[in-house]
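Each remark here refers to the structure printed beneath this line.
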Amino acid sequence: MIRTFALIALCFVGLVSCKKKEYALGSDVIDSSTLLNGTSVDTFTLQTYSIQEDTVISDNAANVVLGSYIDPVFGLYDASVYTQLRLAGVDPNFADPSEIVIDSFVLALEYVGYYGDLDPQTFEVYELQESLSLDSTYYSFSSASTNATNLVPSANATITPNTSSPTIVDGDSLAPQLRIYLDTNVARNLIVEATSGSTTFSSNEAFLEFFKGLHIRTNNSSQLIGEGAALYIDINDPSSKATIYFKQNGEATSYDFLMNSDCADFTHVDLDAAGTIVDEVLADSILGQDEFYAQAFGTRSAISIPGLLDLPENIIIHRADLSLPVQFQTGYKYQPGNNISVATYLDSSSSQLANVGVLGVYNSLDKNFNINIREYVQSVVNKELPLTELVVSPLYFINSAERIVFNGSNTINKMKPKLTVTYTSY
């Protein structure tokens, strides 16, 4: 449920932001007419399991993720956002602050989609005590110290997200956004500081020393299994900002604090699969032969195909079709994404993934992902690449909550993962 224009942007970030190296896999020229005379093999044994990913870089992605839900298979997914704010303009003229009447202080966050159910969630916002930096690398486990005071009054804290209806602000119809009302005393303190004669508002650098940013999170302690959602937020959209609405000498006006590409930001994600089947499969790879899992920010699926080493060396691979069936009922809220990324390790001791160069495409009719891994298989046959496992992940691994339940090789379900290789000898 991500808008089309956002999907295009996310696709690019999902591919490049995982810090995967590009690798030139196979360069054989294929004559498609030889396929009729090719040999096909589909008896490969696939070893399927899941691996835990614990070093996911999550800073400055195309969108951030905010909110929590409890997945009946994967357990708790809880995402929060750390971000800086920047001045809409330096040295604002607030004149005499005693003549200012503050109407509201609103943190607006534009939606680009969600994952789960749009149930009510309780939002909290805290001022950062620790500075963020664009030059730093932040991971999904990173955090920054904050003040103890929640800036969201309790009366305004619980919100039911609406990602489909326009948001009306001062009579203007805007794209759907989450609007969190903050304590107006914070706005008053900012205005007083701006009029104090200090240099705080003379530059963004000075302002960030005074007000280091925000931690935006949810506190859904009473959430039940199947409730809640992860909200996808375009934090760089001009509509995403914190705005003081006030009257001065009876005239309504406003001042914005911006969130944009010049701000450091990252998503922090807590995943808790304790007591779930996912936790068991991560602890015992053999269980992945029944079903195995992938989830954004945390879990990748792995497929080992030892039989590739039994292929003759003097062959040209024409196709290598990998089919990965999934467990998913049409209309279910925890749906797989349209694509998966496919990577491998450059050697058995490496922890760094290299893109195989293809995307798996979801077939909603057959309920499986189809991937042509021809270049990967050719490179293994040519000894250009060692045989290590294929690693499969939701395409938007660093900025979504997508998850997938794959059928393992020993599944009791009808559809099993399968590799069919077609080649000719020379």
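The values are calculated or read from the model by the stated rules, or taken from the named source; none is laboratory data. As the structure is a prediction and not an experimental result, all values here were calculated from the model. Don't worry about glycine lacking a Cβ; one is built from the backbone with ideal geometry, like all the others, and counts go over all protein chains shown. Note: accessible area is taken over every heavy atom of the protein model, side chains too, but ligands, DNA and RNA are not part of it. Shrake-Rupley method; radii C 1.70, N 1.55, O 1.52, S 1.80 Å.
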Length added when fully stretched, S239-S348, from 0.36 nm per residue minus Cα-Cα: 34.6 nm
Listed residue pairs exceeding 21 Å between alpha carbons, taken from K367/K416; K333/K367; K367/K418; K383/K418: K383/K418
Estimated inter-spin distance, K333 and D119, nm [label 7 Å along Cα→Cβ]: 0.6 nm
Tilt relative to the chain, helix 184-194 - C-alpha long axis, 0 to 90 degrees, to 10: 70 degrees
Per residue accessible area of the stretch 277-377, 1.4 Å probe, in Å²: 41 Å²
Cα long-axis angle, helix 4-16 against the chain (0 to 90 degrees, to the nearest 10): 70 degrees
Computed over the chain: relative contact order in percent, which uses C-alpha pairs under 8 Å that are six or more apart: 29 percent
Exposure ranking of T276, T330, T184 by accessible area [1.4 Å probe, largest first]: T330, T184, T276
Fraction of accessible area attributable to carbon and sulfur, the stretch 166-235 (%, probe 1.4 Å): 47 percent
Cα centre as origin, Lys/Arg/Asp/Glu Cβ charges: the chain dipole, Debye: 980 debye
Longest exposed-site-free window of the chain, the sites being GluC sites (Glu not before Pro) in a DSSP loop that have at most 13 other C-beta atoms within 10 Å: 131-312
With all protein chains modelled, accessible area of H318 [1.4 Å, Å²]: 10 Å²
Inter-part distance where the stretch 277-312 and the stretch 117-145 are each reduced to a Cα centre, Å: 31 Å
Answer label, with Kirkwood radius over Cα pairs in Å calculated from the coordinates and candidates [x] 23.0; [y] 23.6; [z] 26.1: [y]
Length released on extending from S364 to D91, taking residue separation times 0.36 nm less the Cα-Cα span: 92.8 nm
At R0 = 25 Å, FRET efficiency that the Cβ-Cβ distance of Q289 and I57 yields, to 0.05: 0.20
Accessible surface of S349 - all protein chains present, 1.4 Å probe, nearest 10 Å²: 100 Å²
